[in-house]
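Novice: Before we start, here is the structure in question, set down as structure tokens.
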Amino acid sequence: MILGIDPGLANTGWAILKDEETLVECGCLVTKISDVSAKRLGQIYDEIDGLIKKYKVEAVAIETLFFAKNAKSAIKVAEAIGVIKICGQKNKVEVFGYTPLQVKMALVGYGRAEKEQVEVMVREFLKLSEPINPSHASDAVAVGLTHLFTQRFV
């Protein structure tokens, strides 16, 4: 089982994939903006820890920061990424990082693909008739698929 993650402090998308054609479950962890940062990061850790244990996750694929226009939000995302990496390490599960460019290349074959194009390809690969909602969960599925496609050639 692969755990794909679209990290964020407010919204962390996640997806459990069995293989390149089987989405087991996906969702989005939402933290309260009114809570202090440490509590929100703890919530992310606990949720990811629970998913790793529940689904016996073999690898975690996470979207990494490539470029950020807003330094404040980039720092918050980086903190969430750090917590997720620690969670993987504590569970003895390797964490793989993929940039948005790598995700777009793996799924669409074009690094400047639009978000909608990636979502269409996610549905295509998984043979889904409806879009995955919320978009953070769809992004997590895309990251998980990127890992599966990438590891196939390693």
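The values are calculated or read from the model by the stated rules, or taken from the named source; none is laboratory data. Model, not experiment: these values are computed from the prediction. All Cβ positions, even for glycine, are placed from backbone atoms using ideal geometry, and neighbour counts span all protein chains on display.
Novice: Go through (1) more than 14 Å from LEU41 (Cβ to Cβ); (2) in contact with a helix residue (DSSP H, G or I) (Cβ under 6 Å, 6 or more places away or on another chain) for ALA71 and report which single condition fails.
Specialist: Against the list (1) more than 14 Å from LEU41 (Cβ to Cβ); (2) in contact with a helix residue (DSSP H, G or I) (Cβ under 6 Å, 6 or more places away or on another chain), ALA71 comes up short only on (2).
Novice: Okay, moving on. Take the residues in segment 32-48 that are of a type in the set (D, E, K, R) and closer than 17 Å to GLY88 by Cβ, then tell me which one is farthest from the chain's Cα centre (by Cα).
Specialist: Of everything passing the filter in segment 32-48, ASP46 is farthest from the chain's Cα centre (by Cα).
Novice: GLY42: of a type outside the set (A, V, I, L, M, F, W, C) and within 25 Å of THR150 (Cβ to Cβ), yes or no?
Specialist: Judged against the criteria, GLY42 is not a match.
Novice: If you go through segment 56-70 one residue at a time, do you hit one that is at pLDDT 95 or above, among the basic types (Lys, Arg) and farther than 18 Å from ASP139 by Cα?
Specialist: Yes - at least one qualifying residue is present in segment 56-70.
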